[in-house]
Each structure stands twice: as structure tokens, then as C-alpha cells.
Amino acid sequence: MFPMLSTIIFLPLLGGIVVLLLPRERVNVIRWTALGVAWLDLLLALGVMLAYAQPHPTAITVGTVPLVVGEASPTVASVTFLLQEHLSWLPALGINYSLGVDGVSVLLMTLTTLLTVVCIAASFRVEQKLRTYLAFMLLLESGLLGVFLATNLFLFYVFWELMLIPAYFLVGGWGGPRRVYAAIKFVLYTAVGSFLMLAGIIALGYYYRTGGHYTLDLTTILNSSTHLNSTVQLWLFLAFAAAFAVKVPLVPFHSWLPDAYSEAPAPVTAMLAGAMAKAGAYGFLRYCLTLFPDAAHRLAPLISTLAVIGILYCALMALVQSDMKRLLAYSSISHLGVITLGIFALSAQGLASQQGIDGAVLQMVNHGITITALFLIVGFLEARTGTRRLEDYGGMARRLPIMASVLMIACLSSLGLPGLNSFAGEFLALLGVFRNNAIFGVLGTLVVVPAAWYMIRLVQNAMMGVRPAGGPVVAAERKGGLPDLDIGEFLVLLPLLVLIFYIGVHPLPLTFFVEH
Amino acid sequence: MSFTYIASAADWARIAPELVLAGVALLILLVDLLLPQTGAVPRERGAANFFVLPLLALLGVLGALAATIVLFVVGDGQRAFFGLVGSDWGSLYAYLAILSAAGLGIIFSPAYLKRLKLVHQGEYYALFLAATLGMMLLAAATSFMTLFLGLETLSLALYILCGFVTRRQSSQEAGMKYFLLSSFASAFLLYGVALIYGATGTTRFGARGTSAFPGVLQFLQVHPQSTTLLLIGIGLLTVGFAFKVSAIPFQMWTPDVYEGAPAPVTAFMSVGTKAAALVAFARVFAVVLAPVAADWQAVVWVLAVLTMVGGNLLALVQRNAKRLLAYSSVAHAGYLLIGVVVGGATGLAAILFYLLCYAFLNAGAFGALSALERLDNSGCDREDLRGLWFRRPWLAGFLAFFLLGLAGFPPMAGFAAKYYLFFAALQGGHPELLLIGVLTSVLGMYYYLRLIAAMFMEPAREAQEEALEVSLALAVAGAGASAGVAPRVSGPLGRAASTRTGGAGTGTAGAAVAVKTAAQATTKRAPAAQQAPETREQATEEGALAGSSLSWTTWLGLGLAALGALALGTVLPFWLVDLALKAAGTL
């Protein structure tokens, strides 16, 4: 069988190497090669998505497996993945190269490839060290895809760390003035979590041994009859959650995010916020929830509390930011809080809520689309004026009507206007939370107020109102004028806009993937 | 007692790798005499060709490697010379790591030697191979006598190699310091051996599962209670070994020696000595002294934890890349000691596999620095490395690759090695060591990434500052030339004439005489001064490298090390780990 998933993962990596070897002066060749590779990968991913949509009797996603607490086997039905690839690597330690997809990973894989295409296209203005930049972008894509497609915990960890390296270089090498600080802070926060997860993975393989055989294969573990006692589950859950909580991030572990998001160049921020943050939520869903159901049940209130605090605190923080990227960064944490809340909307019996998970996954995709659009627009704006401070702007809608409209659409999508994409996901997720825990539901829903407020504040301060008399915006206008979105930039944003409307009107196809 | 000494041909075959190395070392001394010589005075006289001898040395290492592989396949794994030297798979596995490091060190050498005009190549490569031989002997020793023999062979050769750059004070200091402290540690070790001999009546280790050549192991199996004599002996042995593997609190020599020694030598010794000493440490403690494990395990546990925590903490504050790597190697010794504490087949296998991975990563990192190091040992500070990516992107890329590997990022070898070691810790019932190891790795990540940030994310020094420094250095160079302190240094290596601060004073003193030299140099550099600061910096660096037509060897070495590190982390572990597991059983 053709190793489709491996191709999807390693095509960008190879493409990155090819890009590095192209002659430096052929700037356009370099750009179009990178973009072509990203496109090809997107097409392959779409192919897999279509194939997945065909009826197939055996696939049952992990997301829908009812979690049963207690001594019974954690899974009711056997868990399988589609398009599995399996290669023995270090069988003595249970380490194998195994890949597979289920509904959730199909969605996130396609999202990642789509966002890479968009972000590489948005990076056409990068001039400094272009080849390395694009190679790192493609490597980041490889790492992310690997995270979503790996079904062996060791392999998952390899990709998890692999995506950190390009992210570190991209933030630190092409970012703003405080890039080194931001990049190192980002990696250290992530590394603490990751290393704890590494300890957890080693321990997990150790506990799931039969005889002298260790295993780290997800399917084997989920279908095994070994049941970890609840203390072990608790510690392992915490070790895994450390990595995911930093990546998502949950609130006490979030302080790397505003720095990294605001210092990184806009397309990189879009990749980090749109795709990489989803890796954390995906980890919660795929590993924490299914591997340690008892611990998930016990700790769900804790995680939910942190998520609620994050939702409200970061929404309030977003209200007072003057830097547009920081505003979006805090809004991003707040929205991811809703996703986490949906994932951990367990019933009193410890059963995962179908709606909660449906909504969470839907929202992962939607948030990825919306936040990418927002960061890119802010990036385009900053490229014209050299400033991200809200105070410097005002009345831009007259000068930049198209950009103002696009920003408005993205903002409305972000605040969850019915008819646009985010509404369905957020609604479903919160519905799931309500069903199982009304308090968290109420608190989580409160976010709607500040979310509308800060987004409207963004649009209002930047695009409406009175134009400032002086400052960098006026200076930029005098120097070279303030062109509206050109055709290239518009084409970059177009797929995102189409999806914002399409998913808003017709979210069912996405929930189909989650439920199958 | 009568003793008939008959060494069979099989005995010689079992130490074939060592024999090859010894032969080639002698051959190198001979060939050195036959090569055409240059240099006016005897202390500057040496072979004019910088390629023949390293090639010969490399062939020697490859020959030894081939012999090792042959022994793997057809060897009987028995001990040679009545149980004095092992030819078991464990020793052979250690040979792989030692020979890889030696090979890489030799490949990095010619460009370095030529650039720094170190002409005494015959001695250099012969000593290099002698040190390798000593390391292999130490790793394969199955008797305290052979162990000491190997230890002294490698140490004596390395004392000289560390002080090889005679025109550099820090190099001489490194040699001297290493000599004094290391002899001290050897004395401890020897006294420990004497006491153990007193307690057990034998210096032979004795093999597991056979009573062919009974030794300490067999004695302890019969008398598992340790006497005071034995305890003191074990304590002294611990001190000696801890010094050799640079475990805290016996690490003081490491940073000074690693920093002062020539970078290719550091690349080799940081890995080779560590590999040999750790395998010997593991064999003596985790195998031979295993019956009395309760007596030493706590001590080694404390050593391991101290070394992991302390090494990483001390590395945090270093500003010089060589010193930083020295402390990081201390930290890695700490991780490796986990394997000694854990013991058993998995613990020992983890040590062996880790050493092999570490050989490629660390040798690669020091090899990259060897292309930067100047005669006065400058060039490796974080300040010097700033913006390296913009000046020499490939070198910076390689260095970053090795640093990331050392930090434990997949898919490089460092990750696989660490994973296996931590796994061994958990399996051996030491989850606390797993946790400490994991958390100290985070500390490690910070300093490696800080260095990478300096290379990739910070601009090179300000143009003005740079210009000032160049003029100052030129004045100093002139001063040096006039005073006759370091005549050969003044020309192309102008910047390297003296340390910058110390040079300022002499610069003014000799300024009058310096005018001419400086003026010449200035006219030469004048066009460069008008270029952008980055290009100019590049020009100076390449000026410093002028005359090193052999720089391709450095690239070759870096490429091989990178390839090895990548292969060990991705495709090879599946059988190298199995092999290590089998090898560990034979130690």
C-alpha cells in the first residue's frame, strides 16, 4: 500500500531541503517552489479527507469512545485508525513508526496544510534569509502533521519536539526587537512541559508491558486489558497535561504566548496560533482523555476551572491591550479555553460529552481559520505603517475599505456571530458543558460579552473613528501612501474568508468527521 | 610459585585493534622523519605536508575499526592474556565510540594545525593514537593492572596534547593542570587498587558465569560482606574514577583543560576519555563490585545527582562556548552515571549506546569550534559567536545542529540516547533519577539555546566597536613584532597577538615601532574597512583562516559527525540498542 500519510508528513521536509539548495538569487523560484510544495501537500491531505468521507465500517474514532470509569476495560469498541502504516523501529522498547488517521486528525491535518499554504503565501514579502525561512516553515508543517498523525507515543513525542525547533528559529530569527527573549521563553516553557511528558511516556511504556514486552503503540494500549490504577493514572495524566497545558495554553502556563505571538512575524504567529496551539488541545483529547479516563474524571474540574479562569482573565486582558497582536494573542488563549472546556465536559459518570467534543474539534478548525486571518490582516497593516499600536490608528476604513471589510468579517467570526464559522463550534462546546456542569457552562458563556467588546474595540479603534493627526500612520501615508489590500494579499485571505462563510452556514460536514 | 608465560596467537588476535593502532603510531613517527621539513630553527621545524600524516593516522583508526568489526563477527569474546584484557562485545562497543571520536578528532586536526602553524605533526598524531590506544585498553581492562596501564597511557599522551600549542599560555596551563590533578587522581586510584588487592588477594576482575580466571568478582561472591580494607579501597577507587569522568565535585580541571587544549584534541578527549573511563567505571562497579552494591550505590547516586544538577547549573553562567561545552560534558557525565547506579544489562547498555551517540555530537560541536578558534584561544566567546549565521551560515548551522542534539532534541542521537538511559533508570527502579535527569535537561536546554540565539538571532558587534578593536589589535600586533615576543604571530594573525585587554598596554608601549607594521596592515585592510560591517567581519575571519587550504577536511568531519548523529537517532537505534544490550551482558 502506498504510504500516503508518510508522504504527507515528509513531503514538506523534503521540499524544505530542496528550497535550501536553490540558488539564492532566484527569489521567485524559491517562493513558488515552497508554495507549490505546500499546495501539493494540501491536495494530498484533501484527498485523504475525501477518502475518509467514504463509508467505512471499521473506523471508530477515539473521540467518540465512551469513557468508562472503574475496573472495566476503558474502551467499549476496539479502536482503529485508517490508512495505518507500521514499521518496526525499536520493538524492544515498544517504539514503532506507526501512523494512522481518525476523524479528528483528518480535520487537523487538512487544517494544517491549508494554513501552511496561506502562511507561506503571506510570507512572500520576507526578504532576509528567505530560503531558511521557508525551509523552517515547511519543517514546522512536517512536525505538526507528524503530531496529528502519529499513533505511537514515542513517534508523537519526536514530532512534538521537532516542531519546536523551527518555531524557535522562526520566532527568534525573523521576529521583532524582543525576539530572542520571546523565543527562548517560548521554548523553555514548552520544554519543561515536554520533558515531563517524556517522563510520562517512558513510564507509560513501562506500565503497559506484558511479560518483557513494552509497548507505546496507541492502538495496542487502548485495546489492552491492562488497567492502570488511579494513582498511576493521576501522575501520568499530570505529566502529559503539563506539556499540553503549556502548548494550549491554560492560564498559569500562558505567559510565553503573548510575547511569542507579538514578536514573531505575522505569518509565523498565524501558524503558531492557528495550527500549533491545536496540537495542545489535540493532545488533551487524544491522550489525556483516552489513556487516563479515571484521572481525567478526577481532574476534569481542575482543568475546567483553569480553562474558565483563562477564558475570562484573558478576555479581560485582551480588552486593555494596545498592541493589536497582543490583543489577538489574549483572545486566542480565551478561545482555546472554550475548546479545552468542551473537551473536559465530562458527565458525573465520567462520560465524555459528545457535543462537547464535537464542538471542541469544530472550534479547533474554526479558530484556526479565524485567528490566522486576523493575524495576517494585522500583519498586512503593520507592514504598511510599521506600528501595531491601536492608538496610532483610526478612520482607516476610508483609506482601506477592503481591508476594513475583511477585518470586520474576521472579527465578527471571532466573536461568534451566528451565520459565521465560530458560532456553531462554540455553541456546541458550551452546550456540552452546560449539560454536564451548569456552573462551568454559565461562566464559560460569559466570555461572549468581553469577546464582542474587545473585537469591536479593535475594529472601531483601527478602522472607524477619527484619523490621527500625526504619528506613524500619517507618516507612512505621506511617504508611500497607504495602499489597500492588493490582489495577492486578497487571494491569500480569500480561502479563509470562503471557509468562514461556508462553515458558518454548513457546519455539518465537519461534525461528520468528528463523529465517524 | 612458578609461572609459565605462554601467550597464544589467539590472545594477540583478541587485541588486534590495539595492535593496529600501536603499529600505525610507530609508523607515523617513522614517516615523519622521511617527510621534507620546513622551519629555520629546530623548534619550528616540522613536516611541510599537512596531509600525509593525518591520512596515515586516519587509516590506522579505520584499520582498528575494521579489526573491531571483525572481532564482533568472528571473535570468541574471551579474555586475553590470562584474564587481563577483554575482547568481549562490551569492550568492542566501547571501541566503536572511542574510535569514532578519534577518527573525527583526526579529521578536524590538519586544518587546525595548519592554520595555527603547529608543525610538530609526527608527535601530534602519534600521541593521538597512543591516547586512543590507552583509552581502548582502559575500556577493555579486566584487571586492575591493565586498567591502570590504560589510564596512564591515555593520560600521559593527553598531557602533552593539551599543552601542544606552546605559544598559548592557556594551552600550557591546561597541560600542566591536567597533569598535576590527574596524577593526583591516579594516585588515589592506585592506592585503592592496592587496598582492594589486599582485601581480596587478586587484581583480576574475574568473568561472570565462568571460573576460568577467578578474580575479585569470584572472591566477593563467596565473601559478600565487605571488610574495612575493601571499603576504603572502593572509596579511593570512586575518587579516582569520578575524577576521570569529571563528576562533581571532582570536575574542577575539566573546564580549564577543555578550554585551553586545542579544539580538535578537546573534541577527541572529551568523548574518548569519558567513554573509556565510564566503561571502566561501569565494569568495575556495576559488574565486579556488584555483590557489594549496597556499599557504593548511594555514593554513586549522590555523585550522579550532584553532577547532573551542578554541571547544568554551572554551564548556565558560562560565556565561552568551549567552557560551556566543558560544563555540559560534566552534566552528560552525570546522566551517564545514572547507568552505573542502575546497573544491570539495561543500565550498562544505556551507557554504551549513550557514549556512541555522544561521541558524534560532542566531537562535532568541538570540531565546529575548532574552525573558529584563534591562536590566542579567542574566537569562541559568545560575543565572537554573535551573528555567526550571517557570516558563516553553514558553520553556524552545523554547530546549532550539534547543540540541539546535545540538548536532547529529536531526531538527533542525543534524544534516543537520553530516552534509553531514562528508560533504564525507570526499569532499574530509580524513578527519581528519571525525574531529576528530565528536569536538569530543561536547564541544559537553556544554555544550548542561548548560544544558538547568539549565533542566529543577534546581530554581530557594532561596526564602530569592531573598527576600534581592529586598530587596537593592529597596534598590538606591531608591538609584538617589535618586541620580538611572538614574531610569527604578527602578520596574518594580527588580531591574535595577545589577549585584548592585556594587549592594550603593550600596544601603547611599542606604538612607535609598530607604526610601520600597522601601516602596512592598514593599507591592506583599507578597502575592507569601507565595506559593510558584516562583510568586513567575514573578511577578517577569512584572513585568519588564510593558508588553510585544508579546511575541506573540517567540513568532511562536520558532515560525517552530523550524518552519524542523525543516523544514530533515526534509523540505526533498532539494532545498535539491541547490540548494546547484548554487549552489556558480556562486560
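Of the residues B:Leu369, B:Leu395, B:Leu361, only one is closer than 30 Å to B:Val299 by Cβ, modelled with pLDDT of 90 or more and not small (Gly, Ala, Ser); which?
That would be B:Leu361, the only listed residue that is closer than 30 Å to B:Val299 by Cβ, modelled with pLDDT of 90 or more and not small (Gly, Ala, Ser).
Let's see how each residue does on (1) within 24 Å of B:Trp12 (Cα to Cα); (2) surrounded by fewer than 22 Cβ atoms within 10 Å (Cβ to Cβ):
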position: B:Ala64; (1), (2): yes, no
position: B:Phe72; (1), (2): yes, yes
position: B:Lys117; (1), (2): no, yes
position: B:Leu129; (1), (2): yes, no
position: B:Thr142; (1), (2): yes, no
* Confirm whether B:Leu26 is open to solvent by 60 Å² or more (accessible area, probe 1.4 Å) and assigned to a helix (DSSP H, G or I). => yes
* Any helices (runs of 4 or more DSSP H) falling wholly within segment A:250-297 and containing at least 1 residues that are open to solvent by 10 Å² or more (accessible area, probe 1.4 Å) -> A:256-263, A:266-271
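Table: residues versus (1) in a loop (DSSP other than H, G, I, E, B); (2) open to solvent by 60 Å² or more (accessible area, probe 1.4 Å); (3) out of contact with any His (no Cβ under 8 Å at 6 or more places or on another chain).
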| residue | (1), (2), (3) |
| --- | --- |
| A:Ser413 | no, no, yes |
| A:Ser422 | no, no, no |
| A:Phe427 | no, yes, yes |
| A:Leu431 | no, no, yes |
| A:Ile439 | no, yes, yes |
| A:Gly444 | no, no, yes |
| A:Gly465 | yes, yes, yes |
| A:Ala469 | yes, yes, yes |
* Asked: Given the conditions (1) in a helix (DSSP H, G or I); (2) open to solvent by 10 Å² or more (accessible area, probe 1.4 Å), and given that B:Asn362 satisfies all but one, which numbered condition is not satisfied?
  -> (2)
* Condition broken by B:Glu432, with the remaining ones in (1) at the interface with chain A (Cβ under 7 Å from one of its Cβ atoms); (2) free of Cβ contacts under 8 Å to residues at least 60 places away in the same chain; (3) open to solvent by 10 Å² or more (accessible area, probe 1.4 Å) satisfied -> (1)
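On the basis of being modelled with pLDDT under 90, within 14 Å of chain A (Cβ to nearest Cβ) and open to solvent by 50 Å² or more (accessible area, probe 1.4 Å), does B:Pro459 make the cut?
Answer is yes for this residue.
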* Restricting attention to segment B:49-99, and to residues there that are among the polar types (S, T, N, Q) and touching a Leu at 6+ places or on another chain (Cβ under 7 Å), which single residue is nearest to B:Ala561 (Cα to Cα)? -> B:Thr68
* Asked: Which one of these is among the small types (Gly, Ala, Ser), surrounded by fewer than 24 Cβ atoms within 10 Å (Cβ to Cβ) and free of Cβ contacts under 8 Å to residues at least 24 places away in the same chain: A:Gly212, A:Gly172?
  -> A:Gly212
* Asked: Inside segment B:380-422, can you point out the residues that are more than 10 Å from chain A (Cβ to nearest Cβ), over 20 Å from B:Ala315 (Cβ atoms) and either charged (D, E, K, R) or not in a helix (DSSP H, G or I) (or both)?
  -> B:Gly387, B:Arg391, B:Arg392
* To do: Mind counting the residues in segment B:549-584 that are away from chain A (no Cβ under 13 Å), in a loop (DSSP other than H, G, I, E, B) and surrounded by 16 or more Cβ atoms within 10 Å (Cβ to Cβ)?
  => 1
* Just one of the numbered conditions (1) open to solvent by less than 40 Å² (accessible area, probe 1.4 Å); (2) of a type in the set (Asp, Glu); (3) at pLDDT 85 or above is not true of A:Asp486; which one? -> (1)
* Asked: How many residues does segment A:85-135 contain that are aliphatic (A, V, I, L, M), within 14 Å of chain B (Cβ to nearest Cβ) and assigned to a helix (DSSP H, G or I)?
  -> 4
* Structure fact -> If we ask which residues in segment B:245-270 are assigned to a helix (DSSP H, G or I) and open to solvent by 10 Å² or more (accessible area, probe 1.4 Å), their number turns out to be 2
* Asked: Taking segment B:441-451, which residues are open to solvent by 10 Å² or more (accessible area, probe 1.4 Å) and more than 9 Å from every other protein chain (Cβ to nearest Cβ)?
  -> B:Leu443
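For segment A:55-88, which residues satisfy the criterion of being at pLDDT 75 or above, surrounded by fewer than 22 Cβ atoms within 10 Å (Cβ to Cβ) and of a type outside the set (Gly, Ala, Ser)?
A:Leu82, A:Leu83, A:Gln84, A:Glu85, A:His86, A:Leu87
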* Asked: Exactly one of (1) in a helix (DSSP H, G or I); (2) away from every other protein chain (no Cβ under 11 Å); (3) β-branched (Val, Ile, Thr) is unmet by A:Ile165. Its number?
  -> (2)
* To do: Report the residue count in segment A:175-190 for those that are in contact with a Gly (Cβ under 8 Å, 6 or more places away or on another chain) and either among the hydroxyl-bearing types (Ser, Thr, Tyr) or more than 7 Å from chain B (Cβ to nearest Cβ) (or both).
  => 1
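Residue by residue, here is whether (1) surrounded by 17 or more Cβ atoms within 10 Å (Cβ to Cβ); (2) touching a Gly at 6+ places or on another chain (Cβ under 8 Å); (3) outside any loop (DSSP other than H, G, I, E, B); (4) at the interface with chain B (Cβ under 9 Å from one of its Cβ atoms) holds:
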{"residue": "A:Val192", "(1), (2), (3), (4)": "yes, no, yes, yes"}
{"residue": "A:Met197", "(1), (2), (3), (4)": "yes, no, yes, no"}
{"residue": "A:Ile202", "(1), (2), (3), (4)": "yes, no, yes, yes"}
{"residue": "A:Gly205", "(1), (2), (3), (4)": "yes, yes, yes, yes"}
{"residue": "A:Ile221", "(1), (2), (3), (4)": "yes, no, yes, no"}
{"residue": "A:Thr226", "(1), (2), (3), (4)": "no, no, no, no"}
{"residue": "A:Gln233", "(1), (2), (3), (4)": "yes, no, yes, no"}
{"residue": "A:Leu236", "(1), (2), (3), (4)": "yes, yes, yes, no"}
{"residue": "A:Ala242", "(1), (2), (3), (4)": "yes, yes, yes, no"}
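The values are calculated or read from the model by the stated rules, or taken from the named source; none is laboratory data. Keep in mind that this is a model prediction, so the values were computed, not measured. Virtual Cβ from ideal backbone geometry, glycine too; neighbours counted across all protein chains shown. Accessible surface areas use protein heavy atoms only, side chains included; no ligands, DNA or RNA. Shrake-Rupley method; radii C 1.70, N 1.55, O 1.52, S 1.80 Å.
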